[in-house]
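First the structure, in the form of structure tokens, and then the observations on it.
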Amino acid sequence: MDKKIVIIPTYNEKENIEAITRKVFSLPLDFQVLVIDDGSPDGTAGIVKHLQEEFPGRLHLIERSGKQGLGTAYLTGFKWSLENGYDYIFEMDADFSHNPDDLLRLYSACVEGGADLAVGSRYCHGVSVVDWPMSRIIMSYYASAYVRGVLQMHIFDTTAGFVCYTRKVLETIDLDAIQMKGYGFQIEMKYTAFKLGFKIREVPIIFTNRQSGTSKMSSGIFGEAFWGVLKLRFRKITGRK
């Protein structure tokens, strides 16, 4: 039986982490969860440790000191997942912006649909976003259009953070060569997989703005992505040998 793990980075997610964990574990497939907490002062890690007593062997925790960036959190999780023999590695937010039920559809896109990387897409069938201000929708949508134009990569939601990687993708990508740390990380990972010839499939989802907790978005995140995409366009992409 294949091994599936959902990586959830956290910083001050005490309002959401228990509910999202229980929801993932309620699904009909045997998903495990890896929480990577960046020293949340609100006690997020403590909640996870308490839950580990209820879900031994299924709920895992890596604690890091301070906010080190979304990209480095996922890279830490990817390496841990490969070392521990997982076959399908998922990214998902803690705040229910991503519907955990859609994990099943991402998994199916890889197992039954033949994708090497499945992307939960807000934009492949129009715009599927709930409770975002129009200004943010426009910025996000046209940011993805900008990335498609610069990188010539035919993915509608290039900044999506709800994805499923097969093991062979993460084994092939040189994770130590990934440079962007914020949301640009999502673009860089998809572009690297694309350039290495992996099959990428978008799965339409409905993205819902968080109801609890505080967003971690900032203008610096978008700045890194804007300039990082231009650099990516001229970078030689190679995989691990």
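The values are calculated or read from the model by the stated rules, or taken from the named source; none is laboratory data. Values in this document were obtained by computation on a predicted structure and should not be read as measured data. Heads up, the Cβs are rebuilt from the backbone with ideal geometry, glycines too, and the neighbour counts pull from every protein chain shown.
Some points to look at:
- Restricting segment 21-47 to residues that are in contact (Cβ under 8 Å) with a residue 60 or more places away in the chain and touching a helix residue (DSSP H, G or I) at 6+ places or on another chain (Cβ under 7 Å), the residue that is nearest to Tyr165 (Cα to Cα): Phe31
- Total residues in segment 48-65, condition under 21 Å from Gly161 (Cα atoms) and not charged (D, E, K, R): 4
- Residue within segment 61-75 that is at pLDDT below 95, among the small types (Gly, Ala, Ser) and part of a helix (DSSP H, G or I) present: yes
For every residue, the table says whether it meets (1) touching a Lys or Arg at 6+ places or on another chain (Cβ under 6 Å); (2) at negative phi; (3) buried (at least 19 other Cβ atoms within 10 Å of the Cβ); (4) among the hydroxyl-bearing types (Ser, Thr, Tyr).
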| residue | (1), (2), (3), (4) |
| --- | --- |
| Glu53 | no, yes, no, no |
| Glu83 | no, yes, no, no |
| Asp87 | yes, yes, no, no |
| Asp95 | yes, yes, yes, no |
| Leu106 | no, yes, yes, no |
| Ala115 | yes, yes, yes, no |
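- Selection from segment 183-207 of residues that are closer than 19 Å to Thr76 by Cα and among the charged types (D, E, K, R): Glu188, Lys190
- Selection from segment 76-94 of residues that are in contact with a helix residue (DSSP H, G or I) (Cβ under 8 Å, 6 or more places away or on another chain) and assigned to a loop (DSSP other than H, G, I, E, B): Tyr86, Asp87, Met92, Ala94
- Restricting attention to segment 136-150, the residues that are out of contact with any Phe, Trp or Tyr (no Cβ under 9 Å at 6 or more places or on another chain) and touching a residue at least 40 places away in the same chain (Cβ under 8 Å) total 1.
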